[in-house]
1. How many residues, within the range 22-38, are of a type in the set (Gly, Ala, Ser) and either surrounded by 11 or more Cβ atoms within 10 Å (Cβ to Cβ) or outside the structural domain of Gly69 (by TED's automatic domain parsing) (or both)?
2. Before we move on, is His215 of a type outside the set (A, V, I, L, M, F, W, C), under 30 Å from Gly82 (Cβ atoms) and either assigned by TED's automatic domain parsing to the domain that holds Lys64 or modelled with pLDDT of 95 or more (or both)?
3. Do we find that Arg184 is closer than 23 Å to Val135 by Cα and in contact with a His (Cβ under 7 Å, 6 or more places away or on another chain) in this structure?
4. Looking at (1) in a strand (DSSP E or B); (2) of a type in the set (S, T, N, Q); (3) under 12 Å from the mean Cα position of the chain (by Cα), which is the only condition Asn157 fails?
5. Specify which of the listed residues (Leu146, Leu167, Leu189) is in contact with a strand residue (DSSP E or B) (Cβ under 8 Å, 6 or more places away or on another chain) and at pLDDT below 95.
6. Would the range 90-97 turn up any residue that is surrounded by 18 or more Cβ atoms within 10 Å (Cβ to Cβ), closer than 26 Å to Val165 by Cβ and free of Cβ contacts under 8 Å to residues at least 40 places away in the same chain?
7. For the range 218-243, which positions are more than 24 Å from Leu56 (Cα to Cα) and not assigned by TED's automatic domain parsing to the domain that holds Asn170?
Amino acid sequence: MTTRISFLANPTPEAQQARLALVARYGEVPTEHAEVIVALGGDGFMLRTLHAMLDLRVPVFGMKLGKVGFLMNQYRLDDLPGRLSRAHASTLAPLLMRAQTGAGAIEEALAFNEVSLLRQTNQAAHLRIALNGRVKLEELICDGVLVATPAGSTAYNFSAHGPIVPLDANVLALTPISPFRPRRWRGALLPAETIVRIEVIEPVLRPVSATADFHEVRRISVIDISSQPERAVKLLFDAEHQLAERILDEQFAL
């Protein structure tokens with residue numbers, strides 16, 4: 001039985017040409033009838049695909065035709081049905097960001113990599129951090145802070161000197177960005193079910209923005225972040241290119 005495939009491609013000429021070649025070789029069906037979605041591009045395009053296709057509950061197999069491809073497999077025209085039949089699935093649970101602005105508006109967005117908070121001006125951010133309703137850090141003075149999933153722990157989180165988290169660890173990384181006070185606090189690893197609340201102290205004087213993957217909310221006053229396992233997606237990887245193994249290997253990269 002032939003797998004019903006839908007191909008989605010980044011707007012770049014390289015990705016669009018690859019899509020045409022794949023469709024000519026294997027045919028395709030509309031996304032709403034697909035058993036597998038093949039995404040052609042880089043990690044940014046993969047994240048947008050996961051968000052756009054979330055409600056379809058269809059696994060996604062990425063092929064790298066962009067600048068960054070940590071979430072992608074290598075691009076090859078040949079043997080796509082065989083690769084899909086042998087692929088290993090990795091489950092990614094997104095974070096839900098629920099942000100309230102200083103004006104009282106509520107905005108929600110999902111993040112498969114991280115939810116990050118950043119100061120909007122030259123003034124350092126002053127943040128209060130609570131876990132499951134209990135204040136753990138009364139005041140963090142910093143450029144910002146982020147909460148990363150295991151899949152996102154090798155991205156912005158790692159650049160901010162946060163820990164790389166194994167894919168099956170069932171924890172989240174809470175990582176400060178350029179902390180000033182307390183100087184020795186370098187973040188924490190949290191059980192995945194933890195609800196993180198971050199309150200902006202003096203939000204008018206020291207405005208802060210929040211971003212879930214690529215969805216930004218400016219001038220927030222408080223934000224709640226929680227894992228959403230019921231909205232998890234499946235990414236497919238070649239056996240020799242499994243995501244869990246590559247995240248593990250990142251801890252030994254020089």
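1. 2
2. Details: of a type outside the set (A, V, I, L, M, F, W, C): yes; under 30 Å from Gly82 (Cβ atoms): no; either assigned by TED's automatic domain parsing to the domain that holds Lys64 or modelled with pLDDT of 95 or more (or both): yes.
Taking the combined requirement at face value, the residue does not satisfy it.
3. No.
4. (1)
5. On the way: Leu146 fails: at pLDDT below 95; Leu189 fails: at pLDDT below 95.
Only one candidate passes the filter, namely Leu167.
6. No, the range 90-97 contains no residue that is surrounded by 18 or more Cβ atoms within 10 Å (Cβ to Cβ), closer than 26 Å to Val165 by Cβ and free of Cβ contacts under 8 Å to residues at least 40 places away in the same chain.
7. Those that are more than 24 Å from Leu56 (Cα to Cα) and not assigned by TED's automatic domain parsing to the domain that holds Asn170: Ala239, Glu240, His241.
The values are calculated or read from the model by the stated rules, or taken from the named source; none is laboratory data. Predicted model, so just to flag it, every value in this text is computed and none were measured. Methodologically, a virtual Cβ is constructed for each residue, glycine included, from the backbone with ideal geometry; neighbour enumeration extends over all protein chains shown.
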